[in-house]
Amino acid sequence: MTIHTHQENDAIVVAVSGRLDTVTESEYSAAVLALIESGNHRLVVDLEQLVYISSAGLRGMLRM
């Protein structure tokens with residue numbers, strides 16, 4: 001899984017590619033939590049390049 005972020009207008013776009021599953025969910029959650037803790041409250045998650053998401057990955061997304 002790779003995560004790229006960029007500013008677009010007044011939001012941060014979090015582009016996720018690859019697989020979001022049990023193995024990579026903690027990396028995703030840590031990255032998003034770091035963005036939120038640094039004051040970014042408008043996030044857009046781009047899943048266009050995501051090829052697989054497990055229930056653990058979905059749970060990680062919903063927690064944020």
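The values are calculated or read from the model by the stated rules, or taken from the named source; none is laboratory data. Just so you know, these numbers come straight off a predicted model, no measurement behind them. Please note: Cβ atoms are built from the backbone with ideal geometry, for glycine as well, and neighbour counts cover all protein chains shown. Keep in mind that these areas ignore ligands, DNA and RNA; they rest on the heavy atoms of the full protein, side chains included. Shrake-Rupley method; radii C 1.70, N 1.55, O 1.52, S 1.80 Å.
Loop only by DSSP, 11 or fewer other Cβ within 10 Å of the Cβ. Give me the GluC sites (Glu not before Pro) in the chain that pass, ordered by residue number. Passing both the DSSP loop test and the Cβ count: GLU48. Accessible area per residue for the chain is 65 Å², calculated with a 1.4 Å probe on protein heavy atoms, without ligands, DNA or RNA.
Based on DSSP H segments of at least four residues, each scored -39500 (n - 2.57), the chain has a per-residue ellipticity at 222 nm of -10500 deg cm²/dmol.
Treating only the Cβ atoms of Lys and Arg (+1) and Asp and Glu (-1) as charged, compute the dipole magnitude of the stretch 3-42 about its Cα centre; round to the nearest 20 debye.
Values: 2 positive and 6 negative charges, 10 e Å.
Taking the Cα centre of the stretch 3-42 as origin, the dipole is about 40 debye.
When the charge dipole of the chain is built from unit charges on Cβ atoms (+1 for Lys and Arg, -1 for Asp and Glu) and taken about the Cα centre, the candidate among ILE53, VAL13, ASN40 whose Cα reaches farthest toward its positive end is ILE53. Residues considered: SER38, SER17, SER26. Largest GNM mean-square fluctuation over the chain, using C-alpha springs under 10 Å, is found at SER38.
When the solvent-accessible area of the chain is split by element, carbon and sulfur atoms take up 53 percent of it, the probe being 1.4 Å.
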